[in-house]
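Please read the structure below before turning to the comments.
FYI, it's all coordinate maths here, none of it is from the lab. Keep in mind that what you see is a predicted model, and the values were worked out from it rather than measured. Ideal geometry is used to build each Cβ from the backbone, glycine not excepted, and the neighbour counts take in all protein chains shown.
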Amino acid sequence: MGEKKCPHCGAWSKWNQDIQDSCEHCGGKLGGADLAFHEKRLAQEKANRENWIFYIKETDSGFVRAVKTVGNFFYTIYIAIITFLAWLIAVLPG
Ligand SMILES: [Zn+2]
């Protein structure tokens, strides 16, 4: 537990090292630039994940979720086999 100067109103406010904490005086987020960076990174990670074909979205129905879970399983096996073959080609002479 410490104090942090609010980036919005400049008053000192209690905070628990949590960038989601709000200012006691103006209600603004105490995280400031850290929070902006944190949110940007989260959005980026989310975008990366959604680009993956088997990413399970919150809006997906039970059936779609099941199909994607199975897809993830086989995709992982597929990648493992490809990696193994690449290794085999590298190890075998000629
Ligand atoms: Zn404030």
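Based on Cα contacts under 8 Å between residues 6+ apart, the chain shows a relative contact order of 14 percent.
Note on the chain: with charges restricted to the Cβ of Lys and Arg (+1) and Asp and Glu (-1), its dipole about the Cα centre is near 160 debye. Run the reach check for Lys40 against lysines, Cα to Cα strictly under 17 Å, same-chain hits fewer than 8 apart removed. What comes back? Answer for Lys40, where 17 Å is the Cα cut-off: Lys29, listed by chain and number. Label positions at Lys57 and Phe84, each projected 7 Å from the Cα along the C-beta direction, are separated by 3.4 nm. Axis of helix 62-91 versus longest Cα principal axis of the chain: the two differ by about 60°, to the nearest ten degrees. Please compute, over every Cα-Cα pair in the chain, the percentage with a separation greater than 15 angstrom. Cα-Cα pairs of the chain separated by over 15 Å account for 73 percent. Once the Cα atoms are used to define both axes, helix 33-51 deviates from the longest principal axis of the chain by about 20 degrees.
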